[in-house]
Amino acid sequence: MKLLFKQRFFSWFDSYDIYDEQGNTYFTVEGKFAWGHLFHILNSQGMHIGTLEEQIFRFLPHFNLYEGARKVGEIVKEFTFLHPRFTMDCSSWVVEGDWIEWDYTIRDGNRIVATISKEIFRWTDTYVLDVADERDALRVLMIVLAIDAVKCRNN
């Protein structure tokens, strides 16, 4: 399944709309006021289904993942040169980016879980998420939010 991740042009906090291939809203992400990045993820019916929360005062970017109210794990950006890399402690997924940090691949061993591509020449941050299994869409979205938060912090 393909999802289009678009940052809203006017919002006080980072907010995003995620669309399916037919242009329907699949997820909505609402940025919240907090120390560090805090995102609430809503499904297409407006129900809260997940949260991504940045841990502050860490040497490397570190995020807590919640599905509903239950913490399911963490995403950590590793210290690397040239190619960004993130790992998740709740799965064996590894996220690797290219040297310009626009394209990422999420792998579980040899299986490709998803690919992420940043679209350039857009007014706001826009990514295309190609997710192999729809059941992984929420966690893939959390990874993209973490990547975008790290880029925002670095810029």
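What percent does the relative contact order of region 2-154 come to when contacts are Cα pairs within less than 8 Å and at least six residues apart?
The normalised contact order for region 2-154 reaches 16 percent.
Counting helices only, and only those DSSP H runs with n ≥ 4, report the 222 nm mean residue ellipticity of the chain as the sum of -39,500 (n - 2.57) divided by its residues, in deg cm²/dmol to the nearest 500.
Rounded to the nearest 500, it is -4000 deg cm²/dmol.
About the Cα centre of region 68-155, how large is the charge dipole given +1 on each Lys and Arg Cβ and -1 on each Asp and Glu Cβ? Please answer in debye to the nearest 20.
It works out to roughly 260 debye.
Aspartates and glutamates near Lys6 by alpha-carbon distance under 14 Å, same-chain residues fewer than 8 away left out - which ones?
Straight-distance partners of Lys6: Asp14, Asp17, Asp20, Glu21, Glu30, Glu119, Asp125, Asp148.
Taking Cα pairs under 8 Å and at least six residues apart, what relative contact order does region 86-145 come out at, in percent?
Rounded, it is 20 percent for region 86-145.
Would you work out the charge dipole size for region 2-154 about its Cα centre, treating the Cβ of every Lys and Arg as +1 and the Cβ of every Asp and Glu as -1, and quote it to the nearest 20 debye?
Here region 2-154 has a charge dipole of around 300 debye.
Loop only by DSSP, 15 or fewer other Cβ within 10 Å of the Cβ. Give me the chymotrypsin sites (Phe, Trp or Tyr not before Pro) in region 88-118 that pass, ordered by residue number.
Passing sites in region 88-118 are Trp99, Trp102.
From the phi angles alone, apply the Karplus equation (6.51, -1.76, 1.60; θ = phi - 60°) to region 73-87 and give each ³J(HN,Hα) in whole Hz, x where the residue is Gly or Pro.
Values per residue, Gly and Pro as x: x, 9, 10, 10, 7, 7, 7, 9, 10, 6, 10, x, 9, 10, 10 Hz.
For Tyr19, what is the net charge nearby, where nearby means another residue's Cβ is under 10 Å from its Cβ and Lys, Arg count +1, Asp, Glu -1?
-1
Every number here is computed from the coordinates shown, using simple stated rules; none is lab data. On a predicted model such as this, the values are computed, not experimentally measured, just so you know. Don't worry about glycine lacking a Cβ; one is built from the backbone with ideal geometry, like all the others, and counts go over all protein chains shown.
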